[in-house]
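The values are calculated or read from the model by the stated rules, or taken from the named source; none is laboratory data. Because the structure is a prediction, the values reported are computed rather than measured. With ideal geometry, Cβ positions are generated from the backbone for all residues, glycine too; neighbour counts draw on all protein chains shown. Side chains included, ligands, DNA and RNA excluded: accessible areas come from the protein's heavy atoms. Shrake-Rupley method; radii C 1.70, N 1.55, O 1.52, S 1.80 Å.
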Amino acid sequence: MKSVIKQIDEINKEKLKAVYAIIGTESVLIEEVTNALTKTIKNKQKDEMNILHFDLNETSIDDVIFEAESFPFFGGQKLIFVHSSHIFTGKKISSNIIHTPTLLESYLNNPSDFSILVFIAPYDKLDKRKKVTKALLKLSEVIDVTPATEKETVDYLRMYLKERDFKISKESFERLLQLTDRNLSKAKNELDKLMVYHVEDKLITIESINKLVSKSLEQNIFELNEKVLKKNVKESIELYQDLLHQKEDPIKILALMIGQFRLLLQVKILRKKGYQQADIASILKIHPYRVKLALQMEKLFKQEALSQAHHYLITADYEIKSGKVNPEMQIELFIWKFSSMNE
């Protein structure tokens, strides 16, 4: 992320490149880069007609290159954003639009000095076997906006708060991270909402976080599983009923419950084998924070109990999909069944 911040700083100082490739899925960083480019061009010239947006799902790369090579009507510099840049990936797109990648390859080798071409590729990876992708990566200013690490997320959010003179306690900050899955884009969006709410006192509290920041379905399921594991039947059923009132699909709820119980089992088995948190996260290919939560939870229960619960859920899933039972009732039956198990 330090590299991205440095690149944004260069853009703000009007040290611009002819071609940019914004690659990755961190939407907050994509927005920061595009905003910086837009603001810089607006500061340099009054005419906003020179700021253009194209989508490769709707426009061919041929038309984009034609625009980039055409002189601006009123002079100045063009800023051309190219969205959905799937031509650099292996994605199969169903479309009548025909692209000629060789035109872009030629342009990249000799770009116009009056146009800034910005390719936005919000994908996990590009197809580096393609000639056009190789040319883009070699001849453009690549801005890597892959998802931020937990430390990068924390550093960014603290800086964001400091720059706007907002304060937040350690406990409140941790709660915000927890409710947003430590995801930078989610956390920043929720933080913007909280800043509007606290515009007068500029002190973000845990009460307002709990009030304004919505829990994801996954977080609600984690809380439901925690209550189930602690055999708190009343609160488990109340939370489950709340989810149904929110029109959540019981089959989806069941699938998430199965996934989380499976994770608890996997983490318990790997911990018994001597693996540490970072190793487990690497083996299971999941965020270390999810492993941290699972490690805290699995220690409270025997492997046999977790295995039995997982088995009950798998059986319930099969019976629901076979049309043998009512989906809504089956999860409640599981809660009661698990609560009566001997550990």
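Restricting to region 330-343, and then to whatever is open to solvent by 100 Å² or more (accessible area, probe 1.4 Å) and without any contact (Cβ under 8 Å) to a residue 40 or more places away in the chain, can you tell me which residue is farthest from residue 255 (Cα to Cα)?
Of the residues in region 330-343, the ones open to solvent by 100 Å² or more (accessible area, probe 1.4 Å) are 336-337, 342-343.
Subset that is without any contact (Cβ under 8 Å) to a residue 40 or more places away in the chain: 337, 342.
Numbers: 337: 18, 342: 25 Å.
So, considering only residues that are open to solvent by 100 Å² or more (accessible area, probe 1.4 Å) and without any contact (Cβ under 8 Å) to a residue 40 or more places away in the chain, the one farthest from residue 255 (Cα to Cα) is 342.
Checked against the criteria, residue 164 counts as touching a residue at least 24 places away in the same chain (Cβ under 8 Å) and within 30 Å of residue 43 (Cα to Cα). Only a single criterion out of (1) assigned to a helix (DSSP H, G or I); (2) at pLDDT 95 or above is not satisfied by residue 210, namely (2).
The set of residues in region 1-37 being hydroxyl-bearing (Ser, Thr, Tyr), open to solvent by 30 Å² or more (accessible area, probe 1.4 Å) and more than 19 Å from residue 186 (Cα to Cα) consists of 3 alone.
Does residue 306 satisfy being open to solvent by less than 80 Å² (accessible area, probe 1.4 Å) and within 31 Å of the chain's Cα centre (by Cα)?
On the way: open to solvent by less than 80 Å² (accessible area, probe 1.4 Å): yes; within 31 Å of the chain's Cα centre (by Cα): yes.
Spelling it out, residue 306 is indeed open to solvent by less than 80 Å² (accessible area, probe 1.4 Å) and within 31 Å of the chain's Cα centre (by Cα).
Scanning region 61-82 turns up no residue that is under 21 Å from residue 13 (Cα atoms) and part of a helix (DSSP H, G or I). If you go through region 306-339 and keep only what is closer than 21 Å to residue 247 by Cβ and of a type outside the set (A, V, I, L, M), you end up with 317, 321, 326, 327, 328, 330, 332, 334. Among the criteria (1) over 30 Å from residue 202 (Cβ atoms); (2) more than 19 Å from the chain's Cα centre (by Cα); (3) β-branched (Val, Ile, Thr), the one residue 120 does not fulfil is (2).
If I go through region 235-253 residue by residue, how many of them are open to solvent by less than 50 Å² (accessible area, probe 1.4 Å) and of a type outside the set (Phe, Trp, Tyr)? Before you say what the answer is, go through the steps one by one.
Within region 235-253, the first condition is being open to solvent by less than 50 Å² (accessible area, probe 1.4 Å), and the residues that meet it are 236-237, 239-240, 243-244, 250, 253.
Now drop any that are not of a type outside the set (Phe, Trp, Tyr), which leaves 236-237, 239, 243-244, 250, 253.
Of the residues in that region, 7 qualify.
Whenever a residue of region 178-195 is on the phi > 0 side of the Ramachandran plot and at pLDDT below 90, its partners that are open to solvent by less than 10 Å² (accessible area, probe 1.4 Å) and in a helix (DSSP H, G or I), lying with C-beta atoms within less than 6 angstrom and at least six residues away or across chains, give the pairs 182/153. Only a single item in (1) among the hydrophobic types (A, V, I, L, M, F, W, C); (2) more than 30 Å from residue 95 (Cα to Cα); (3) within 23 Å of the chain's Cα centre (by Cα) is not met by residue 28, and it is number (2). Scan region 174-203 for residues that are open to solvent by 80 Å² or more (accessible area, probe 1.4 Å) and either over 19 Å from residue 30 (Cα atoms) or touching a strand residue (DSSP E or B) at 6+ places or on another chain (Cβ under 7 Å) (or both) and the total you get is 7.
Among the listed residues 296, 241, which satisfies the condition of being free of Cβ contacts under 8 Å to residues at least 24 places away in the same chain, out of contact with any Leu (no Cβ under 7 Å at 6 or more places or on another chain) and under 29 Å from residue 184 (Cα atoms)? Result of the check over 296, 241: 296. Among residues of region 7-22 that are more than 10 Å from residue 140 (Cβ to Cβ), those with a beta-carbon under 8 Å from a residue that is surrounded by fewer than 18 Cβ atoms within 10 Å (Cβ to Cβ) and of a type in the set (Gly, Ala, Ser) at least six positions away or on a different chain give the pairs 8/36; 11/36; 12/36.
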